[in-house]
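Working notes for the structure below.
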Amino acid sequence: MTRRRVLTGITTSGTPHLGNYVGAIRPAVDASREAEVDAYLFLADYHALIKCHDPAAVAQSSLEIAATWLASGLDAERAHFYRQSDIPEVTELSWILTCNAAKGLMNRAHAYKAAVQHNRDANEDPDFGITMGLFSYPVLMAADILIFNAHDVPVGRDQIQHVEMARDIAQRFNHNFAEIFTLPKAVVGEHVAVLQGLDGRKMSKSYGNTIPLFGTPKQLQKSINKIKTNLLEPGEPKNPEESTVFQIWSAFASDNERARMYADFEGGIGWGEAKKQLFELVNGELAEPRERYHELMAKPAQVEEVLQAGAERLRPTSKALLEQVRDAVGLRSYA
Ligand code: TRP
């Protein structure tokens, strides 16, 4: 029986935060340890170029994110761990898919629509600052997914649309040319989907409301203290459903601990106490990975070696798939 191929990527921009950890890294690392799963985890460094044009930042973030995944327990012997730009077949496939993806489909992508709306609100030309990279990004993401014929794609809610587009593109290709692609499915974790940031909105580097993943314990404590709460005093019942403190707690707690804190909120736990417990909980899970992370950051050549081995192991598969695709669309040897 073929094992389920579970694939996810993380854009290598910025410094990893708790939202990345809860939404993408931890579920993917957990999945990679399941016997019946064939895990593909990659650094989406081509995606990073869409928004970042600072070479030093691109390089630094890529290393930080590679080290984060390894430090978070990824077993690179079992899982396929690689860098997108080390698999040239991804970009080759991306072009062939681009020629078969409807522009109208891309017009509907949330990220692109948001950028256009932003321009309209600012009375700018609707295309202002929008590159073809931003516009075509769902096609590149489709290539990431389809090159290894992934079944399941664990993502945050904001990415579901892109996985559905990949599915559309695959379906259309299969119909028009040859049954080559597996139709992928987005998978969103139950309690974790999207972590809230300091201000209660989605935790995102673009909102500047993140909690850095591997800062010092002091920094973690400081961030947690900054989480927005209301003015209710200790002893006054608090609504866990409306609290970012409880939401982050839930992402780290066991079912029992979650239920216990829920009751404590209703029983009027003070914000200071709730935040203190939140710090202990999160720091308890992060202490060991944090140490491994700093060791890896000090030895980038070691991280490079792991990634090279990952790409080498996968390229026979990506090359074989691309061969099929080229043949299907008519790019064939004359001989
Ligand atoms: N676009 C995704 C994000 O910003 C990252 C990503 C790139 C990805 N390629 C992917 C995720 C393929 C899943 C599958 O979060």
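Using the Karplus equation 6.51 cos²θ - 1.76 cosθ + 1.60 (θ = phi - 60°), what ³J(HN,Hα) coupling, rounded to whole Hz, does each residue of the range 264-276 give in order, writing x for Gly and Pro?
Per residue, the Karplus-derived 3J(HN,Hα) values read 5, 4, 5, x, x, 3, x, 4, x, 5, 4, 5, 4 Hz.
Of GLU124, GLU288, which has the most accessible area and how do the rest follow, probe 1.4 Å? Provide the component values of the computation, followed by the final result.
Values: GLU124 85, GLU288 130 Å².
Largest accessible area first, the list is GLU288, GLU124.
Enumerate the calculated ³J(HN,Hα) couplings along the range 95-104 in order (Karplus 6.51 cos²θ - 1.76 cosθ + 1.60, θ = phi - 60°), each rounded to whole Hz, writing x wherever the residue is Gly or Pro.
Using θ = phi - 60°, the values come out as 5, 4, 5, 4, 6, 10, 9, 6, 4, x Hz.
For a Förster distance of 35 Å, can you work out the FRET efficiency between the beta-carbons of HIS175 and ASN119, rounded to the nearest 0.05?
0.50
Which sequence of MET297, MET261 reflects their accessible areas, 1.4 Å probe, from the largest down? Don't jump to the answer; show the numbers that get you there.
Working: MET297 45, MET261 5 Å².
So, going from the largest accessible area down, we get MET297, MET261.
How much accessible area per residue does the chain have, in Å², with a 1.4 Å probe? Write down the numbers at each step before the final one.
Numbers: 16780 Å² over 335 residues.
Value returned for the chain: 50 Å² of accessible area per residue.
Within 15 Å, Cβ to Cβ, of LEU213, how many net charges do the neighbouring residues add up to if Lys/Arg are +1 and Asp/Glu are -1? Show your work: numbers first, answer last.
Working: positive: ARG26, LYS205, LYS218, LYS222, ARG290, ARG292; negative: GLU64, GLU285, GLU288, GLU291.
Overall, the nearby charge balance is +2.
State the percentage of accessible surface on the chain attributable to carbon and sulfur atoms; use a 1.4 Å probe and exclude ligands, DNA and RNA. Numbers along the way, then the final one.
Values: 8650 of 16780 Å².
Within the chain, the accessible surface is 52 percent carbon and sulfur.
Could you work out the relative contact order of the chain, using alpha carbon pairs under 8 angstrom and six or more residues apart, expressed as a whole percent?
Details: 484 pairs, mean separation 70.1, N = 335.
Answer for the chain is 21 percent.
Considering only DSSP beta bridges with both partners in the chain, what is the antiparallel share in %, to the nearest 5? Provide the component values of the computation, followed by the final result.
On the way: 2 of 18 bridges.
That works out to approximately 10 percent antiparallel.
If you fit an axis through the alpha-carbon atoms of helix 110-121 and take the longest principal axis of the Cα set of the chain, what angle between them do you get, 0 to 90°, nearest 10?
70
Sequence-distant or interchain residues sharing an amide H contact under 5 Å with THR11, placed H: which?
Here the answer is ALA44, since their amide H atoms fall under 5 Å of that of THR11.
Which net charge results when you count Lys and Arg as +1 and Asp and Glu as -1 among the other residues whose beta-carbon is under 14 Å from that of ALA24? Walk me through the numbers on the way to the answer.
Details: positive: ARG26, ARG157, LYS202, LYS205; negative: ASP30, ASP144, ASP152, ASP158.
My count for the surroundings of ALA24 gives 0.
Is the range 1-109 rounded, prolate or oblate when judged by the Cα gyration tensor, a ≥ b ≥ c being the square roots of its eigenvalues, rounded requiring a/c under 1.5 and prolate requiring a/b larger than b/c? Don't skip to the end; give the middle numbers.
Details: a/c = 1.82, a/b = 1.18, b/c = 1.54.
Cα axes put the range 1-109 in the oblate bin.
Could you sort the peptides 101-114, 5-18 by per-residue average Cβ neighbour count (10 Å cutoff), highest mean leading?
Numbers: 101-114: 13.7, 5-18: 22.7.
Put in order of decreasing packing, that is 5-18, 101-114.
If the range 214-295 were replaced by its equivalent ellipsoid, with semi-axes equal to the square roots of 5 times the Cα gyration tensor eigenvalues, what would those be, largest first, whole Å? Intermediate results must be reported in sequence, preceding the final value.
Details: eigenvalues 123, 39, 15 Å².
They are 25, 14, 9 Å, listed from largest to smallest.
Given the chain, report the % of alpha carbon pairs whose separation exceeds 38 Å. Walk me through the numbers on the way to the answer.
On the way: 11598 of 55945 pairs.
The share of Cα pairs beyond 38 Å in the chain comes to 21 percent.
Averaged over every viewing direction, what's the projected area of the C-alpha convex hull for the range 75-155? Give it in nm², one decimal, please.
On the way: hull surface 27.8 nm².
In nm², the orientation-averaged hull projection of the range 75-155 is 7.0.
Whole angstrom only: what separates the Cα centroid of the range 81-102 from the Cα centroid of the range 245-317?
Measuring centre to centre over Cα atoms gives 32 Å.
In whole Hz and in residue order, list the ³J(HN,Hα) couplings for the range 124-129 that follow from phi through the Karplus curve 6.51 cos²θ - 1.76 cosθ + 1.60, θ = phi - 60°; x for Gly and Pro.
9, 4, x, 8, 3, x
What is the spin-label model distance, in nm, from ASP168 to LYS228 if the labels are put 7 Å beyond Cα along the C-beta direction?
Roughly 3.3 nm, to one decimal.
For the chain, find the longest principal axis of its Cα atoms and tell me its angle to the long axis of helix 132-146, 0 to 90°, nearest 10.
With both axes taken from Cα atoms, the answer is about 80 degrees.
Between the helical axis of 55-71 and the dominant principal axis of the chain, each derived from Cα atoms, what acute angle in degrees is found, rounded to the nearest 10?
Taking the Cα atoms of the chain, the angle to 55-71 is about 70 degrees.
Can you list the residues, at least 5 places off or on another chain, whose amide H is less than 5 Å from the amide H of LYS185, using H built in the peptide plane?
So LYS185 has HN proximity to ASP152, VAL153.
With a 10 Å radius around each residue's Cβ, average the other Cβ atoms per peptide and rank 323-332, 65-74, highest first.
Taking the mean over residues of other Cβ atoms within 10 Å, the ranking is 65-74, 323-332.
The values are calculated or read from the model by the stated rules, or taken from the named source; none is laboratory data. This is a predicted model, so every value here is computed, not measured. Virtual Cβ from ideal backbone geometry, glycine too; neighbours counted across all protein chains shown. With ligands, DNA and RNA removed, areas are computed over all heavy atoms of the protein, side chains included. Shrake-Rupley method; radii C 1.70, N 1.55, O 1.52, S 1.80 Å.
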